[in-house]
Amino acid sequence: QTNQIHLQEYYYHI
Amino acid sequence: MFEARLAQSAILKKVLEAVKDLLTEATFECSDSGIQVQAMDNAHVSLVSLNLRSDGFDKYRCDRNLSMGMNIGTMTKILRCASSEDTVTLRAWDNPDNIIFIFESQNKEKLSEYEMKLINMDQEHLGIPETVYSCVVKMPSQEFARICKDLSQFGEAITIACSKEGIKFTAAGDYGNANIKLAQTAEADKEEEAVIIDMQEPVKLTFACRYLNSFVKATPLCAQVKLSMSGDVPLVCEYQIGDIGHIRYYLAPKIDD
């Protein structure tokens, strides 16, 4: 089973 | 005033086809240096970053910076009304409520104008840190598109493993599994047919087919695609857009439970 990670886990809101 | 002209609308038509699956709306940031778009898909799993430099346009004028929210579906419909050889001009006034698309046929006998309402959008900008990637692969874009399409039949995700030997794409599902290996090209007659791997350390990452299959809609823009990967960070999938800019797709990986 794999989970989809969201981009905000890696990149920050600016 | 903002005005940007391309001698052939084909590039813009291809750009729209390359983003319309992922984005319903996006803000086009126009400045002296060119046009930039950064937008995430609704699920916040992938991000599109488009850059069109002002010097790549046949004519470009931007008196003051503009942020124009555009509906991608409507924009795609409008661009589909242009012939590939038509000249396209984008025009907007300062503080615009709408943008005008002007298409002119090669023989200058047909002139079409389409006006599109702009939309107010909440901007959501992500900061993407400079990253040194463990593996950078350049390969024919058509080959990448074919692999994504073929492997999507077997599962919802594709695992990409890159090593010195080459790059391996794997998909596994209930009905079986498939893998495709590409070796680094020893000698390519044509640059665009080459597979080139620049590897610091091996990488193995899994990505959702759905998004990869949206990214490959950019295939008509460039003969080569560049895949940049590092362990446990998003994939960057980049297509050059002629001499005018590039489109980059960022995709967060899938990880095991």
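General remarks:
- Karplus-derived 3J(HN,Hα), 6.51/-1.76/1.60, for each residue of segment B:46-54, Hz, glycine and proline x: 10, 9, 10, 10, 10, 9, 10, 6, 4
- Links that overshoot a 22 Å alpha carbon limit, given the list B:149/B:204; B:14/B:190; B:164/B:204; B:20/B:108; B:20/B:77; B:20/B:181: B:14/B:190; B:20/B:108; B:20/B:181
- Average beta-carbon neighbours from other chains, 10 Å sphere, peptide B:63-72: 0
- Each residue of segment B:66-71 was assigned a 3J(HN,Hα) from its phi angle through the Karplus expression (A = 6.51, B = -1.76, C = 1.60, θ = phi - 60°), giving 10, 10, 10, x, 10, 7 Hz with x at Gly and Pro.
- Pairwise label distance in nanometres, residue B:115 with residue B:256, each label 7 Å out on the Cα-Cβ vector: 6.0
- Contact order for segment B:102-257, expressed relative to its length and based on alpha carbon pairs under 8 Å spaced 6+ residues apart, stands at 23 percent.
- Structure-based [θ]222 nm, chain B - -39500 (n - 2.57) summed over DSSP H runs of at least 4, per residue, nearest 500: -4000 deg cm²/dmol
- Taking the protein assembly as shown as a whole, the Cys residues whose C-beta sits 4.7 Å or farther from every other Cys C-beta are B:30, B:62, B:81, B:148, B:209, B:222, B:237.
- Acute angle (nearest 10 degrees) that the helix B:141-151 long axis makes with the longest principal axis of chain B, alpha-carbon atoms: 60
- The modelled label-to-label distance for the pair residue B:143/residue B:36, using points 7 Å beyond Cα in the direction of Cβ, is 3.3 nm.
- Label-reachable residues, segment B:43-81, where backbone N falls under 11 Å from a point 7 Å from residue B:24's Cα toward its Cβ: B:43, B:72-73
- Where trypsin sites (Lys or Arg not before Pro) fall in DSSP loop in segment B:176-218, at most 14 other Cβ within 10 Å: B:190
Computed from the coordinates by the stated procedures, all read-outs in this text should not be read as laboratory data. Computed from a predicted model, the values in this text were never measured in an experiment. Note that we place each Cβ from the backbone using ideal geometry, even for glycine, and neighbour counts take in every protein chain shown.
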